[in-house]
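Sharing a structure below in structure tokens format, with a few things to ask.
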Amino acid sequence: MRMLMPLLALLAMTLPAQAQIPDYPATFQTQEIVANGTTLHVRIGGKGPAVLLLHGYGETGDMWAPLAAALMRDHRVIAPDLRGMGLSAVAAGGYDKKTQAADMAALLDTLKIAKADVVAHDIGNMVAFAFTVQHPQRVTKLVLIDAPVPGIGPWEEVLKNPLLWHFRFGGPDMERLVAGRERIYLDRFWNEFSADPTHFDEASRAHYAALYARPGNMHAGFAQFAAFDQDAVDNRGFLAANGKLPMPVLALGGEKSFGPMMATVMRFAATNVTEGVVPGSGHWIMEENPQATVKLVRDFLVASNPQP
């Protein structure tokens, strides 16, 4: 046995370390915060003006770790998991984005934050827009990344894209089809919406697939999409009642995904839109080109008065 131990140690040193997703800085804390009748899992760290980071489908608030690390030196960063996703509680309902906007308002109230920058991706865009259009006085700058907003601009044309069949996929039978096969279902998103699927690495796939396999999380994910028709009605009503967003907006698209179309869409709903493109990236900007994404977002947030 004494002779075997050095051999085992040598073998361990020659094996590659198991990859893992980027961690938040050690100074970040996690809290379970009751908000609007549900409980949200929230990462909080840094000091300075607040910035709220909202993730999308196929990921959780974990996606923002590299951006959080870059912002925390001069921002207070708040990164929740959305209702029913990640480690947040699975609510019985409330997956329309108007309700989830109220989740965010209650979260900020609990943290005693009156105003914040908001950065969002994918379904997070939809929650961010619903929050911002209802509470424009609470949002200093808005960043929306690589996903349309229901009811805004050419929404009906977007729905005709065959790649977006999952917008209408859901219900009890669909949940039975994917039960125990969450990784297979999610791989389709990570593969088809990437410029290069290898950039959404195995560690990230395993991590997020395990979170979506938690009881109720796939149901909650399907409910996010099922609410899109109501979200479109709500957003059109908000825009008609409140007018276009007045604050600076950065509309970012992956070069191999929405690209400059993000800015085109957002000009239907905002008066001060800056266009941005994440080079070489598909939809999964934080996995495919985190360095460029972090720079684009941070530069916009720290600029004194970004102009379109």
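The values are calculated or read from the model by the stated rules, or taken from the named source; none is laboratory data. Just so it is clear, the structure is predicted and the values come from calculations on it, not from any experiment. Positions of Cβ are generated from backbone atoms using ideal geometry, with glycine treated the same way; all protein chains shown enter the neighbour counts. Protein only, heavy atoms only, side chains kept; ligands, DNA and RNA dropped before computing areas. Shrake-Rupley method; radii C 1.70, N 1.55, O 1.52, S 1.80 Å.
Any idea how many residues of the stretch 173-220 are open to solvent by 40 Å² or more (accessible area, probe 1.4 Å), hydrophobic (A, V, I, L, M, F, W, C) and within 22 Å of Ala147 (Cα to Cα)?
Number satisfying all stated conditions: 1.
Please indicate, with yes or no, whether at least one residue in the stretch 100-111 is at positive phi and part of a loop (DSSP other than H, G, I, E, B).
No, the stretch 100-111 contains no residue that is at positive phi and part of a loop (DSSP other than H, G, I, E, B).
Scanning the stretch 145-189 for residues that are β-branched (Val, Ile, Thr), part of a helix (DSSP H, G or I) and modelled with pLDDT of 85 or more, which turns out farthest from Pro215 (Cα to Cα)?
Across the stretch 145-189, the extreme among qualifying residues is Ile184.
Just wondering, is there one or more residues in the stretch 12-21 that are open to solvent by less than 90 Å² (accessible area, probe 1.4 Å), at pLDDT 95 or above and outside any strand (DSSP E or B)?
no
Can you tell me which residues in the stretch 244-282 are crowded, with 22+ Cβ neighbours inside 10 Å, of a type outside the set (Phe, Trp, Tyr) and part of a loop (DSSP other than H, G, I, E, B)?
Within the stretch 244-282, Pro248, Ser257, Ala269, Ser281, Gly282 meet the criteria.
Taking the criterion of being touching a Lys or Arg at 6+ places or on another chain (Cβ under 8 Å), in contact (Cβ under 8 Å) with a residue 40 or more places away in the chain and open to solvent by less than 20 Å² (accessible area, probe 1.4 Å), would at least one residue in the stretch 283-294 satisfy it? Spell out how you get there, then give the answer.
In the first step, residues of the stretch 283-294 are kept if they are touching a Lys or Arg at 6+ places or on another chain (Cβ under 8 Å); the result is none.
Within the stretch 283-294, not a single residue is touching a Lys or Arg at 6+ places or on another chain (Cβ under 8 Å), in contact (Cβ under 8 Å) with a residue 40 or more places away in the chain and open to solvent by less than 20 Å² (accessible area, probe 1.4 Å).
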